[in-house]
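Let me begin by presenting the structure, written as structure tokens, before commenting on it.
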Amino acid sequence: MSYRDAVMAAKYAGGSNEQATALHQRRLETVIDGRGYFDFESPRGIVVHVVPTGVYDDGYAIDLGGHSVLPEADPSRPEQLPVLGRDGARGSWTGDGFGAVVEADERDAPAGYAHIFSNGVVESVSAIPFESSESDAPRLDGRTLELELTRCVRRYLRVLAYHQRMAPVHVALSVFGTDGLRLDASGKEAGDATAVEEVTEKNDIINEGILAPFPVTFENYDVDVREALSDPIDALWRGAGRPGSPFVSGDTWVLRSEFTRTK
């Protein structure tokens, strides 16, 4: 299903939250089938949609033309639209928007992209937080997921606020190709202060092919993004047999200082 078909199919799904959910589900199916943007065809990945209210209204559009002064649509500055999990994206125009794409190291296909459509919807797709090792099955790096999801959604909201898009804004998240993988809470490097010690394998294996938490609604742009995303993030960890994010201690998110450094 094309993006335009997905938009039209979601238009009559109900209220704005139902419309955002329907759009996300239809685009998720397209990405899983290998028909996403920029020829993304990974067997596993994370799909995020940021959908401001009113995107189906007539005349609701963002000026992404070449004459625009908006930095988010500058191919020489693709970092303005970050890709979840890695820097070094290249900018690319499409027929209905602008994207930032990160190429995979081992093959001529994208490892992830972020795309802003002319109606204001942001689609973020990435396989980057999935890793494999010689002695283990591929894993989903929970640390990177929480840090990068927070960083990217925060930036996407700033882009939409820059364009004066109306709130509320709906954020939908799904992770596909996860059956049998580990949702890992350990740090990437020895001595990492944000690593979770004594991780047991019995409760971090994902038994679902798709983890699709409920969408969340941001009532305005002045929100604590991690707090607003805490419920769906906890739902992802519950899909791996944990009660919630292991990076939260009491009311403190132990990754917050790292997030501050990574902006």
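Among Phe130, Phe214, the sequence by solvent-accessible area, most first, with a 1.4 Å probe is Phe214, Phe130. Computed from backbone phi, the HN-Hα couplings of the range 43-55 come to x, 8, x, 10, 10, 10, 10, 10, 10, x, 5, x, 5 Hz, rounded to whole numbers (Karplus: 6.51 cos²θ - 1.76 cosθ + 1.60, θ = phi - 60°; Gly and Pro given as x).
Computed 3J(HN,Hα) for the range 94-104, one whole-Hz value per residue from the Karplus formula 6.51 cos²θ - 1.76 cosθ + 1.60 where θ = phi - 60°, is 10, x, 9, x, 9, x, 10, 10, 10, 7, 6, glycine and proline marked x. With a 1.4 Å probe rolled over the protein heavy atoms of all chains, the accessible area of Val153, Val7 falls in the order Val7, Val153, largest first. Taking 0.36 nm per residue of sequence separation and removing the Cα-Cα distance, the Asp57/Asp33 pair yields an extension gain of 5.7 nm. To the nearest Å, what is the center-to-center distance of the range 33-59 and the range 207-263, using C-alpha atoms only? One Cα centre to the other: 21 Å.
In sequence order, the range 221-232 has phi-based couplings of 8, 9, 10, 7, 4, 5, 5, 5, 8, 4, 5, x Hz under the Karplus curve 6.51 cos²θ - 1.76 cosθ + 1.60, θ = phi - 60°, and Gly or Pro positions carry x. In this structure, the amide hydrogen of Ala109, modeled 1.01 Å from its nitrogen in the peptide plane, lies closer than 5 angstrom to those of Ala104, counting only residues at least 5 positions away or on a different chain. Residues whose amide H falls under 5 Å from that of Gly239, counting only those 5 or more places apart or on a different chain, are absent, with hydrogens built in the peptide plane. The H on the amide N of Thr94, modeled in the peptide plane, is under 5 Å from the matching H of Gly99, each at least 5 residues off or on a different chain.
The values are calculated or read from the model by the stated rules, or taken from the named source; none is laboratory data. Being a predicted model, the structure only gives us computed values, none of them experimental. Remember, those area values only see protein heavy atoms, side chains included, never the ligands or the DNA or RNA. Shrake-Rupley method; radii C 1.70, N 1.55, O 1.52, S 1.80 Å.
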